[in-house]
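Input: a single structure, listed below in structure tokens.
The values are calculated or read from the model by the stated rules, or taken from the named source; none is laboratory data. Keep in mind it's a predicted model, so treat the numbers as computed, not measured. Note that we place each Cβ from the backbone using ideal geometry, even for glycine, and neighbour counts take in every protein chain shown.
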Amino acid sequence: MKLLHHVLPAALALGISFGPASASEAETSPVWKFTSSIAARATFDSNVYLQDQRPDAGIAGAVRPRQESFASSLSAAVSLDYRPHRDTSLSASYAPEASRYFSARSEDHRLHRLSFNGSGRFGAATWSLQNSGTWIDGSAEGPTFGGIGGITAMGGIPLRDRREAYISRHSFRMQIPQESWFVRPVASAYVHDFQTVQSRRAGYENYLDRQEWTAGVDLGRKVGAKTAILAGWRMGRQDQLRLHGIDSPYDSRLRRWLVGVEGAPASWLQCAVLTGPETRDYPAATPVGFKRDKVYWWIDASATVTAGPRDICTISARRFGLPAFASQSMYEDITYEMNWRHRFGDRLGTVLGFRAYGGDWPGPACREDWILTPSAAVQYAFSRRCGLELAYVLDSTESRVPNTSGREYRRQLATFSLKFTP
């Protein structure tokens, strides 16, 4: 199946801001708003290639272990918001970013991020549309790994996201209320199109294009002024494309049965929880040892707890199945994350976080990786237009499959960033 490409609409314009002269005009007059910002970031990366172990001498071109580097990044963002009338809002943005690694020039890259979003109302029904696209202008060569166990934990996502590729995400939803009930049709799409070359060289990491399409409906009932319970259903398809000209046997059709809750059950709590079982239909060509009838558990949950006037805690959990990007296989992508934000006043704030990110590959791939990441940041606002951040991140990885020590690594990131909004 050929990968489908998308062209996302975007608005890039010189900015003029128009405001209504009176409240009555605000209901009928179009309103335009232009915003822009620029940011600079300096980073020390203690392990650019995510390798602690010396490579096997027989693996030509393998990345170096514990390669340190300073990196600099300069980014900008422009956005245009348009309200043709009170019930409709449209926005488009463009955000380029250029990064340079002074001691690892293969990791230099540029990003071009585009988005086009909208929301509105038709009578009592509300709708929202979100589209985003990212073009990565980086190396077309994948990394080569020579440690015991092969490719680094989780496939080395930071390395992947510096290689040439195009990524797009799209979603649509419409909520139709009926007294205390509502019906909500939804649809989403994800496309990951790698532009890197494929090679049969030992230790070389090939990247495989993949995509997902889903559609479905939620049925909700209000159980309070600001809370609803949900039951939902999804159907869709996932595809993993060719490796060395050979089509993947891991394409599948999926079905999800979901239940959940959303809204504000208490004044200090906001949540959105949706979870349930997922079944799939795979082709008969899947390899021996792969369970085509396995039932997966799908989770998309988040909660925001307002612990006080200066403290906010966010908690999230996600679990979903997806074709892998570095091998012909299927895995479950699992994330548990918590962040605590504290404000010391109008200018100074801190963020403490912890994330557990894992991947579980069923047989015959037999791989299970975890990355544990504590983090801390200090933020200071000089004014409403200018602020800085100091951040520290520590990645510690674990491969739970014997004799795969080359997949494990430790990595530290120390970052200083400055942002200015004219």
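Among the candidates PRO84, PRO65, which residue alone is closer than 28 Å to PRO422 by Cα, surrounded by fewer than 19 Cβ atoms within 10 Å (Cβ to Cβ) and over 26 Å from the mean Cα position of the chain (by Cα)? Give the steps one after another, and end with the answer.
Numbers: PRO65 fails: closer than 28 Å to PRO422 by Cα.
Of PRO84, PRO65, the one residue that is closer than 28 Å to PRO422 by Cα, surrounded by fewer than 19 Cβ atoms within 10 Å (Cβ to Cβ) and over 26 Å from the mean Cα position of the chain (by Cα) is PRO84.
For the stretch 199-216, the set of residues classified as buried (at least 16 other Cβ atoms within 10 Å of the Cβ), of a type outside the set (Gly, Ala, Ser) and either assigned to a loop (DSSP other than H, G, I, E, B) or without any contact (Cβ under 8 Å) to a residue 40 or more places away in the chain (or both) consists of GLU205, ASN206, TYR207, LEU208, ASP209, TRP213, listed by residue number.
Scanning the stretch 325-356 for residues that are under 19 Å from TYR207 (Cβ atoms) and crowded, with 18+ Cβ neighbours inside 10 Å gives PHE325, ALA326, SER327, GLN328, SER329, MET330, TYR331.
Is it the case, given these coordinates, that LYS226 is more than 21 Å from the chain's Cα centre (by Cα) and closer than 30 Å to THR306 by Cα? Taking the combined requirement at face value, the residue satisfies it.
Residue by residue, here is whether (1) surrounded by fewer than 16 Cβ atoms within 10 Å (Cβ to Cβ); (2) touching a Ser or Thr at 6+ places or on another chain (Cβ under 6 Å); (3) closer than 23 Å to GLU332 by Cα holds:
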{"site": "LEU114", "(1), (2), (3)": "no, no, no"}
{"site": "GLY118", "(1), (2), (3)": "no, no, no"}
{"site": "TRP135", "(1), (2), (3)": "no, no, no"}
{"site": "GLY138", "(1), (2), (3)": "no, no, no"}
{"site": "SER168", "(1), (2), (3)": "no, no, yes"}
{"site": "SER180", "(1), (2), (3)": "yes, no, no"}
{"site": "VAL183", "(1), (2), (3)": "yes, no, no"}
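Scanning the stretch 315-355 for residues that are under 24 Å from ARG384 (Cα atoms) and either assigned to a strand (DSSP E or B) or at pLDDT 95 or above (or both) returns ASN339, TRP340, ARG341, HIS342, ARG343, PHE344, ARG347, LEU348, GLY349, THR350, VAL351, LEU352. Looking at the stretch 87-136, which of its residues are more than 18 Å from the chain's Cα centre (by Cα), within 24 Å of GLN51 (Cα to Cα) and not basic (Lys, Arg)? Hits for the stretch 87-136 are SER99, TYR101, PHE102, SER103, ALA104, SER106, GLU107, ASP108, HIS109. Scanning the stretch 357-376 for residues that are at negative phi, loosely packed, with under 15 Cβ neighbours inside 10 Å and not in a strand (DSSP E or B) yields GLY363, PRO364. Applying the condition of being over 17 Å from SER106 (Cα atoms) and either part of a loop (DSSP other than H, G, I, E, B) or hydroxyl-bearing (Ser, Thr, Tyr) (or both) to the stretch 159-197 and asking which residue is farthest from the chain's Cα centre (by Cα) yields GLU179. Candidates are the residues of the stretch 249-276 that are over 24 Å from the mean Cα position of the chain (by Cα) and touching a residue at least 40 places away in the same chain (Cβ under 8 Å); the one that is surrounded by the most Cβ atoms within 10 Å (Cβ to Cβ) is PRO249. Each residue in the stretch 217-235 was checked for being surrounded by fewer than 20 Cβ atoms within 10 Å (Cβ to Cβ) and either aromatic (Phe, Trp, Tyr) or within 27 Å of SER327 (Cα to Cα) (or both), and 2 pass. Of all residues in the stretch 257-286, those satisfying the criterion of being closer than 24 Å to ALA307 by Cβ, assigned to a strand (DSSP E or B) and of a type outside the set (A, V, I, L, M, F, W, C) are GLY260, GLU262, GLY263, PRO265, GLN270.
When residues in the stretch 90-121 are screened for being closer than 20 Å to HIS170 by Cβ and of a type in the set (A, V, I, L, M, F, W, C), 6 of them pass. Per this entry, PHE420 is counted among residues that are surrounded by 14 or more Cβ atoms within 10 Å (Cβ to Cβ), touching a residue at least 24 places away in the same chain (Cβ under 8 Å) and either within 28 Å of PHE70 (Cβ to Cβ) or of a type in the set (A, V, I, L, M, F, W, C) (or both). Among the residues making up the stretch 145-161, those that are closer than 18 Å to GLN328 by Cα and not aromatic (Phe, Trp, Tyr) are GLY149, GLY150, ILE151, THR152, ALA153, MET154, GLY155, GLY156, ILE157, ARG160. Please work out if LEU388 is in contact with a Pro (Cβ under 8 Å, 6 or more places away or on another chain), surrounded by fewer than 18 Cβ atoms within 10 Å (Cβ to Cβ), assigned to a strand (DSSP E or B) and free of Cβ contacts under 8 Å to residues at least 60 places away in the same chain. No: the conditions fail for LEU388.
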